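The values are calculated or read from the model by the stated rules, or taken from the named source; none is laboratory data. It should be emphasised that the depicted structure is a prediction, and the values quoted were computed from it without experimental measurement. Cβ placement follows ideal geometry from the backbone for every residue including glycine, while neighbour counts extend to all protein chains displayed. With ligands, DNA and RNA removed, areas are computed over all heavy atoms of the protein, side chains included. Shrake-Rupley method; radii C 1.70, N 1.55, O 1.52, S 1.80 Å.
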Amino acid sequence: MYRFTLRGVVNMIEPVYKLFPANSDHQTASSCYFATTAAANNIDHNYERAIAKLNTLQSNYSALQDSIKFKHQDESKHISNTEKFLNRIHISSETLNRLAFIHVAGTKGKGSTCAMVESILRFNGYRTGFFSSPHLVSVTERIRLDGQPIGKESFVEHFWKIYNQLFAAQQDNNDMPTYFGFLTILALDVFLTSKVDVTILEVGIGGRYDCTNVIQNTPVVGITSLGLEHTKLLGDTLEEIAWQKAGIIKNGSDVFTVEQPAECNRIIERECMRKKANLHIVPSSLEEFLWEKVPSMMMKQRNKTAELNVSLAVQIATNWMRRTRPCLLPTVEQMIPAKIVQGIDNCFWPGRLQVLEYAAHRTLFLDGAHTADSIKQF
């Protein structure tokens, strides 16, 4: 049996299709091998040392198994531990509140929605920070500034600054963040240092007890399509899943979601009422929008899943612009301006509902579908 991996696919198509944009942190094996300058070699060496040390932290799989083993006892420890580690590197809750967040949870499409929101806001002049997971090739993909993965040099600088402080302050051998927790902390440090205008934060797993939920300054929340996932951890009913996802809703926030199963809608509505948050159900079709310029995806073979993600992203992004820079929006309130469409058309999010044509009229379909529903749609 052949072992067919996404890395193998990337190696196969890179010569004929530039998968990653210029100036990103992705290089082919040959380009890394022929790097000749001492500075480049030193950066690569330090980066590999940082990755090796990162890999010694508790893995996502191990952390999940611990949560399942203890049957959801003290689940909020992920948030309290993140607060503790942030304080140890001198990032208080007040400091963290300097960042303004768009927080997105969901079962399917949350990464794609975040990427689209980031692209729209960037094309409208915002300096963006974007934290996502997982990565395809390089861990630096998880932390992006203005749409580009941070460079190895920046990653190394922030990594060792944080790691050394946390290692020196640990009270026992287990007193360090998990792999995902460490990268969350590193991302927040990068975004604070870079003074971004907006931070788009994708939840890891669940939401309510996810370490990304350490944030409080969250005026805008997104919840993508919901379904059964990680049932041993999040619960084996749609109501339990929705309760976990709705946990990122903050007091007074604007909450955007797609049309969900009735049992999910009830849970989200209840959480919004409890937090005095404003719930918005986005259109199910892009035809329902008034476009100054029609997005290119509407002129190709239509994909309902992708369009639902775009609908959610457009509503989230326009709400953010209305809050922060209303002058960017037209006086005709329902009109979607061309700059937003430019962000949609130029969004690059490989490995998610991606169609590649290569070689002799061959077509490759790529997606990280991780639920039965996603596989069927793909």
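The set of residues from the range 141-160 being open to solvent by 40 Å² or more (accessible area, probe 1.4 Å) and part of a helix (DSSP H, G or I) comprises Glu153, Glu157, Trp160. One residue alone among Asp236, Asp254 is farther than 30 Å from Ala52 by Cβ, open to solvent by 10 Å² or more (accessible area, probe 1.4 Å) and modelled with pLDDT of 95 or more, and that residue is Asp254. Cβ separations smaller than 8 Å between residues 6+ apart or across chains give the following pairs from the range 311-339 residues that are farther than 23 Å from Gly129 by Cβ to residues that are open to solvent by 80 Å² or more (accessible area, probe 1.4 Å) and part of a loop (DSSP other than H, G, I, E, B): Pro330/Glu292; Met335/Glu292; Ile336/Glu292; Pro337/Glu292; Ala338/Glu292; Ala338/Lys293. Of all positions in the range 350-372, none carries a residue that is touching a Pro at 6+ places or on another chain (Cβ under 6 Å) and under 18 Å from Val117 (Cβ atoms).
Contact map, the range 153-173: residues that are without any contact (Cβ under 8 Å) to a residue 12 or more places away in the chain paired with residues that are surrounded by 14 or more Cβ atoms within 10 Å (Cβ to Cβ), Cβ distance under 6 Å, separation 6+ or inter-chain. Pairs shown: Gln170/Met176. Given the condition within 22 Å of Gly207 (Cα to Cα), open to solvent by less than 10 Å² (accessible area, probe 1.4 Å) and among the hydroxyl-bearing types (Ser, Thr, Tyr), answer yes or no: does some residue in the range 92-105 qualify? Scanning the range 92-105 turns up no residue that is within 22 Å of Gly207 (Cα to Cα), open to solvent by less than 10 Å² (accessible area, probe 1.4 Å) and among the hydroxyl-bearing types (Ser, Thr, Tyr). Taken across the range 328-340, residues that are at pLDDT 95 or above and open to solvent by 70 Å² or more (accessible area, probe 1.4 Å) do occur, with at least one present. Only one of the numbered conditions (1) open to solvent by 60 Å² or more (accessible area, probe 1.4 Å); (2) within 19 Å of Val117 (Cβ to Cβ); (3) part of a helix (DSSP H, G or I) is not met by Thr318, and that is (1). Hey, any hits in the range 242-250 for a residue that's at pLDDT 95 or above, assigned to a loop (DSSP other than H, G, I, E, B), within 21 Å of Thr324 (Cβ to Cβ) and in contact with a Lys or Arg (Cβ under 6 Å, 6 or more places away or on another chain)? For the range 242-250, residues at pLDDT 95 or above, assigned to a loop (DSSP other than H, G, I, E, B), within 21 Å of Thr324 (Cβ to Cβ) and in contact with a Lys or Arg (Cβ under 6 Å, 6 or more places away or on another chain): present.
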